[in-house]
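The structure appears right after this line, and notes come after that.
The values are calculated or read from the model by the stated rules, or taken from the named source; none is laboratory data. Just so it is clear, the structure is predicted and the values come from calculations on it, not from any experiment. Cβ coordinates were reconstructed from backbone atoms using ideal geometry, including for glycine residues, and neighbour counts include every protein chain displayed.
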Amino acid sequence: MKDLQPPDVAKKTKELTIHGDTRVDNYYWLNQRENQKVIDYLEAENEYTRQVMEPTEDLREDLFREMKGRIKEDDQSVPYLKNGYYYYTRYEEGMEYPIYCRKKGSLDAEEEVMLDVNKMAQGHSFYRVTGLSVSPDNEMLAYGVDTVGRRKYTIHIRDLATGQIYDDAMPMTTGRAVWASDNKTLFYTQKQEGTLRAHKIYRHTLGMSADQDREVYHESDETFTTGVYKTKSEEYLMIASNSTMSDEYRYLDAGNPGGNFRIIQPREKGLEYSVSHFGDHFYIVTNWNATNFRLMKTPVDRGRKNSWQEVIPHRQDVLLDGIEIFSDYLVVDERKGGLTRLRVMPWDDKDEYYIEFDEEVYAAYISNNHNFDSELLRFTYSSMTTPGSTYDYNMRTRRRELKKRQEVLGDFEPGNYEAKRLWAEADDGKQIPISMVYRKGIQKDGSTPTLLYGYGSYGYTREAGFSSTRLSLLDRGFIYAIAHVRGSQYLGRQWYEEGKLMNKRNTFTDFNDCAEHLIKEGYTSPDHLYAMGGSAGGLLMGAIVNMQPELYNGVVAAVPFVDVVTTMLDESIPLTTGEFDEWGNPKEKKYYEYMLSYSPYDNVAEQKYPNMLVTTGLHDSQVQYWEPAKWVAKLRDHKTGDNLLLLHTNMKAGHGGASGRYEALRETAREYAFLLFLEDIDS
């Protein structure tokens with residue numbers, strides 16, 4: 001291995017000047033996707049990674065077979081009832097893709113296969129289906145297809161009785177369409193060329209060419225995206241316009257698809273809200289005078305906020321995440337102290353209560369509940385030791401029925417593992433939660449290999465749920481931990497506010513504080529501590545290794561957003577304009593200077609970095625491949641020492657990696673093999 005040399009990459013100096021400040025970028029030219037020299041460089045990096053990791057080939061294959069072996073291949077989801085049909089997804093042994101099915105009226109009825117994605121994907125190296133939407137008369141299916149990985153979906157329509165695919169395909173969309181009540185009119189969202197921003201809503205008539213579709217809404221504000229959906233009541237079509245800090249909704253009677261959408265509450269800077277419909281009212285979850293959100297309602301014909309009436313008030317220590325409405329019950333998804341609580345509130349104001357969960361850390365979600373007139377709430381539950389479980393909960397009798405628990409094949413026994421939560425103290429005194437799991441019997445002598453995962457952006461909270469693939473690390477002696485850093489909403493909305501814009505550095509220092517806490521408490525040491533994150537979590541990885549590289553033996557940065565300033569200055573690429581409220585607009589000097597202070601690419605230094613595996617996808621539409629490619633090139637030019645620095649580019653996929661059920665496991669096997677290789681664990 002010592003004779004292996006990483007590929008050379010040409011330096012082509014480009015000066016980037018803003019606010020009177022000039023930065024030199026030697027690798028800016030790598031953004032030329034069609035340039036054969038760029039492709040050759042990426043392929044050379046792949047070959048270098050392959051050669052360096054060649055000693056792990058058997059281990060990677062063992063890991064792949066092991067992870068695949070835990071999966072019940074001939075599996076299916078729990079059916080849910082909607083409009084007279086039971087819908088479910090199943091997989092067949094050896095097949096990569098799902099089969100979408102339904103049964104009419106009874107689970108004993110004959111199966112109807114709506115889509116067999118295995119057949120559809122033949123001849124494609126990448127294939128993804130999304131947005132399945134059945135017409136109200138149950139006869140037509142609309143769905144989106146992406147064959148590249150850039151999330152540019154073409155919507156197709158299939159006659160479920162005959163199997164006929166209509167000619168009126170709708171390209172360049174988000175992949176999701178909704179039906180009006182007439183069974184022939186659809187509404188869908190078109191993406192903008194270049195930026196891929198969801199910016200227009202179109203109305204389509206079954207059997208007509210997409211060229212004849214009528215634009216019904218154009219979101220002209222480039223900091224917003226738009227989409228269309230149907231309320232649970234099936235009575236209204238809704239157009240949503242959303243930015244990081246503001247929302248706006250319009251509605252239309254689903255029985256009058258040719259009508260005009262009416263606005264509910266006009267957008268205001270800082271006013272966030274979402275809309276559900278029940279009876280004569282819209283129910284609105286909003287942050288209006290409520291940092292952690294509150295629930296309001298308003299008559300359908302009076303949407304402005306001065307007509308809103310409070311249903312659930314704001315609470316300083318409880319985040320209101322969402323609601324589910326039934327005829328006799330309101331179910332509220334809340335988060336307190338980092339943990340989800342499901343609150344059941346009868347409309348008659350009698351005996352509200354919480355559904356109890358008894359593990360120290362867990363994840364719970366409201367699932368598919370399409371019928372108002374039901375006493376059953378379907379929710380899913382898992383923990384770091386309990387596989388994903390689907391329950392039907394009777395809200396009247398307060399009894400739960402386990403409909404299905406994820407089957408983990410092999411010798412998995414939950415009692416062999418332990419999960420717990422720790423609290424690390426940040427420099428400013430804040431307590432940062434850490435969820436962790438390990439196989440029982442570990443010794444707190446600093447020698448235990450530990451993988452610390454983080455994300456911490458957009459208010460997205462990484463839940464402490466179950467992963468069967470993770471067992472391959474736990475069974476080899478690893479601790480797996482999640483740092484619930486600021487930038488998520490783990491401890492409420494304020495937790496997010498303290499990790500964005502001019503507070504973004506808190507996300508990075510929180511993560512390093514969690515790493516130091518694990519070391520201080522004797523769980524691990526810098527020789528055995530590893531970090532992992534992807535996308536905005538890859539930004540986190542880039543920042544932490546610039547700040548305190550000595551804390552980690554290895555880092556996996558997946559599709560990392562690392563060239564923050566250059567990307568946020570380029571409004572021609574996806575996601576930029578819509579994220580000014582998350583990171584700041586660098587055209588404003590204060591944001592430019594602050595972002596420049598932490599941008600991983602701009603802060604690469606002459607220092608010893610941990611061993612690093614960086615991954616990307618050539619067709620990534622969210623973090624363009626050239627960000628990690630440029631970062632690795634610059635790291636090679638500056639890093640000291642002989643620690644590994646590897647770049648792997650999936651030349652056939654995008655941000656989400658491989659599309660197949662099992663092919664994705666090969667990517668996980670590569671990451672795990674890298675960590676095990678560094679720990680000198682070869683089996």
Do the conditions hold for residue 625, that is, is it among the aromatic types (Phe, Trp, Tyr), assigned by TED's automatic domain parsing to the domain that holds residue 458 and touching a Leu at 6+ places or on another chain (Cβ under 6 Å)? yes
Failed item in (1) crowded, with 16+ Cβ neighbours inside 10 Å; (2) of a type in the set (A, V, I, L, M, F, W, C); (3) touching a residue at least 60 places away in the same chain (Cβ under 8 Å), with residue 409 passing the rest: (1)
Of 18, 39, the only residue that is surrounded by fewer than 16 Cβ atoms within 10 Å (Cβ to Cβ) and either touching a strand residue (DSSP E or B) at 6+ places or on another chain (Cβ under 8 Å) or within 30 Å of residue 585 (Cβ to Cβ) (or both) is 18
Test residue 41 against the criterion of being at negative phi and within 28 Å of the chain's Cα centre (by Cα), and give yes or no. no
State whether the residues of segment 82-95 include one that is within 22 Å of residue 664 (Cβ to Cβ), of a type in the set (Asp, Glu), without any contact (Cβ under 8 Å) to a residue 24 or more places away in the chain and in a loop (DSSP other than H, G, I, E, B). yes
Within segment 164-177, residues closer than 13 Å to residue 144 by Cβ and surrounded by fewer than 22 Cβ atoms within 10 Å (Cβ to Cβ) come out as 169, 171, 172, 176
Taking residue 551 as the residue in question, decide whether it is touching a Pro at 6+ places or on another chain (Cβ under 6 Å) and within 18 Å of residue 641 (Cα to Cα). yes
Modelled with pLDDT of 95 or more, outside any helix (DSSP H, G or I) and on the phi < 0 side of the Ramachandran plot - does that describe any residue in segment 564-581? no
Per-region count, segment 127-154, residues of a type in the set (Phe, Trp, Tyr) and closer than 14 Å to residue 179 by Cβ: 1
Within segment 113-148, which residues are surrounded by fewer than 16 Cβ atoms within 10 Å (Cβ to Cβ), under 26 Å from residue 255 (Cα atoms) and among the β-branched types (Val, Ile, Thr)? 130
For segment 43-58, indicate whether the set of residues that are surrounded by 12 or more Cβ atoms within 10 Å (Cβ to Cβ) and in a loop (DSSP other than H, G, I, E, B) is non-empty. yes
Using the structure shown, decide if residue 259 is free of Cβ contacts under 8 Å to residues at least 24 places away in the same chain, surrounded by fewer than 19 Cβ atoms within 10 Å (Cβ to Cβ) and either part of a loop (DSSP other than H, G, I, E, B) or not assigned by TED's automatic domain parsing to the domain that holds residue 334 (or both). yes
Quickly run through segment 121-154 and pick out the residues that are acidic (Asp, Glu) and free of Cβ contacts under 8 Å to residues at least 40 places away in the same chain. 146
Quick check on this structure: which one of 569, 644 is closer than 27 Å to residue 530 by Cβ, touching a strand residue (DSSP E or B) at 6+ places or on another chain (Cβ under 8 Å) and of a type in the set (A, V, I, L, M)? 644
For segment 585-634, give me each residue that is touching a Lys or Arg at 6+ places or on another chain (Cβ under 6 Å) and of a type outside the set (Phe, Trp, Tyr). 604, 619, 621
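Yes/no matrix, rows are residues, columns are (1) under 18 Å from residue 556 (Cα atoms); (2) among the β-branched types (Val, Ile, Thr):
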site	(1), (2)
591	no, no
597	no, no
601	yes, no
616	yes, yes
621	no, no
628	yes, no
634	yes, no
637	no, no
Those residues of segment 565-610 which are within 26 Å of the chain's Cα centre (by Cα) and polar (S, T, N, Q) amount to 566, 567, 572, 576, 577, 585, 599
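Quick grid of which residues meet (1) under 22 Å from residue 388 (Cα atoms); (2) free of Cβ contacts under 8 Å to residues at least 40 places away in the same chain; (3) surrounded by fewer than 24 Cβ atoms within 10 Å (Cβ to Cβ):
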residue: 432; (1), (2), (3): no, no, yes
residue: 466; (1), (2), (3): yes, no, no
residue: 469; (1), (2), (3): yes, no, yes
residue: 477; (1), (2), (3): no, no, yes
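Yes/no per residue for (1) under 28 Å from residue 668 (Cα atoms); (2) aromatic (Phe, Trp, Tyr); (3) outside the structural domain of residue 475 (by TED's automatic domain parsing):
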site: 9; (1), (2), (3): yes, no, yes
site: 19; (1), (2), (3): no, no, no
site: 25; (1), (2), (3): no, no, no
site: 33; (1), (2), (3): yes, no, no
site: 39; (1), (2), (3): yes, no, no
site: 42; (1), (2), (3): yes, no, no
site: 55; (1), (2), (3): yes, no, no
site: 74; (1), (2), (3): yes, no, yes
Within segment 222-249, track down each residue that is among the charged types (D, E, K, R) and at pLDDT 95 or above. 230, 232, 234, 235, 247, 248
Any residue in segment 625-641 that is over 29 Å from residue 151 (Cβ atoms) and buried (at least 18 other Cβ atoms within 10 Å of the Cβ)? yes
Go through (1) more than 30 Å from residue 680 (Cβ to Cβ); (2) surrounded by 12 or more Cβ atoms within 10 Å (Cβ to Cβ) for residue 74 and report which single condition fails. (2)
Given (1) in contact (Cβ under 8 Å) with a residue 60 or more places away in the chain; (2) surrounded by fewer than 21 Cβ atoms within 10 Å (Cβ to Cβ), identify the lone condition not met by residue 558. (2)
Looking at segment 561-609, which of its residues are surrounded by 17 or more Cβ atoms within 10 Å (Cβ to Cβ) and among the small types (Gly, Ala, Ser)? 578, 584, 599
